[in-house]
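Trainee: My questions all concern the structure below.
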Amino acid sequence: MRSAWLLAVALTMPAPAPLSLHIRVFNGSEDVSAETRVTVFRAGERQSPVAESRPGMPLETTVAPGSYDAQAIRERDGRVVGIKWLERLLVMPYPDEGGRHLEVINLQNGFGALEVRAGQPGAPDVAIFATGSRQQEAAKLASGADYALFVVPAGRYDLRVRRDGQTTWHPDIEVPLDRTRFWAMP
C-alpha cells in the first residue's frame, strides 16, 4: 500500500524546471571559449552527450537539474592544443541564480572563477583584489550581460563593490580551485 502511495505522489509532483547552463572556457585568464568545443554528459554517463557547443560559440543550453561531466577541447589551426574534463558539476535551481547557471572550465591548473551578480539587471560594478591589498586589481573583468566574472588563481580575494555612489568592501572571499563560485551582491 505504501509503495502505491509513493508512486501516486511521484506522478503528481511537477517535473523540475529546466535550467540554463552556460560554460565558458579559459586558458589562465584568457577567454578561449570561441576556439573550444564543450560536450556535456550526465555524470558518469559519457556515451550520449546531453549538449555540445558549436565551433566558435560558447556552450549555452538547457538541462534538467542534476550532476554533469563536461569536456572542453581547445583547437587551434586544426590541432588539439588542450583538453580538460570537469566532473560532477552540480546544476541545481539555486534561488539567487534565477534559473541560469554559469560554469568556467580553465585549461590551466591552479585557477578558479568568481561570478558576481546584483539584484538588478546589468553587470555589477565590481573589482577584485588580492586579500589585504587594495591598490592593484588582481584580474580584469570578464563580464556577461548580467554578471561580472573574475578568473584568477584559486585563493582568497577582497571584492570592491560600487553601487549608488557608495563603495563597500567584502574581504576574504574564497575562489575555489577548478570551480566557479557564485556570489550574490548583498
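Trainee: Report the net charge of residues surrounding GLY56, where surrounding means a beta-carbon distance below 11 angstrom and charges are Lys +1, Arg +1, Asp -1, Glu -1. Walk me through the intermediate numbers first.
Mentor: Values: positive: ARG37, ARG54; negative: GLU35, GLU75.
It works out to a net charge of 0.
Trainee: May I pose another question? If you find the alpha carbon centre of the range 155-181 and of the range 61-87, how far apart are they in angstrom?
Mentor: Distance between centres, Cα-based: 27 Å.
Trainee: Let me ask something additional. Just to confirm a number: summing +1 for Lys and Arg and -1 for Asp and Glu over residues other than ILE128 whose beta-carbon lies under 11 angstrom from that of ILE128, what do you get?
Mentor: On the way: positive: ARG134, LYS140, ARG156, ARG160; negative: GLU137, ASP158.
So the environment of ILE128 carries a net charge of +2.
Trainee: Evaluate the distance, in nm, between pseudo-label points positioned 7 Å from the Cα of ASP164 and of GLN120 along their respective Cα→Cβ axes.
Mentor: Modelled inter-label distance: 0.8 nm.
Trainee: Report the one residue of LEU86, GLN108, ALA148 whose Cα lies farthest in the direction of the positive end of the charge dipole of the chain (charges on C-beta: Lys and Arg +1, Asp and Glu -1; origin at the Cα centre).
Mentor: Highest projection toward the positive end goes to LEU86.
Trainee: Next question, about the same structure. Along the Cα→Cβ direction, 7 angstrom out, place labels at GLN135 and ARG181. What is the inter-label distance in nm?
Mentor: Result: 2.4 nm between the two label points.
Trainee: Count the net charge of all other residues whose Cβ sits under 12 Å from the Cβ of SER143, scoring Lys and Arg as +1 and Asp and Glu as -1.
Mentor: Values: positive: ARG24, ARG117, LYS140; negative: ASP31, GLU115, ASP125, ASP146.
Local net charge: -1.
Trainee: Answer with a single label: of (1) -0.30, -0.74, -1.11; (2) -0.34, -0.85, -1.24; (3) -0.38, -0.81, -1.10, which was calculated as log10 I(q)/I(0) by the Debye sum over Cα atoms at q = 0.09, 0.14, 0.17 Å⁻¹ from the structure in view?
Mentor: (3)
FYI, it's all coordinate maths here, none of it is from the lab. Just so it is clear, the structure is predicted and the values come from calculations on it, not from any experiment. Note that we place each Cβ from the backbone using ideal geometry, even for glycine, and neighbour counts take in every protein chain shown.
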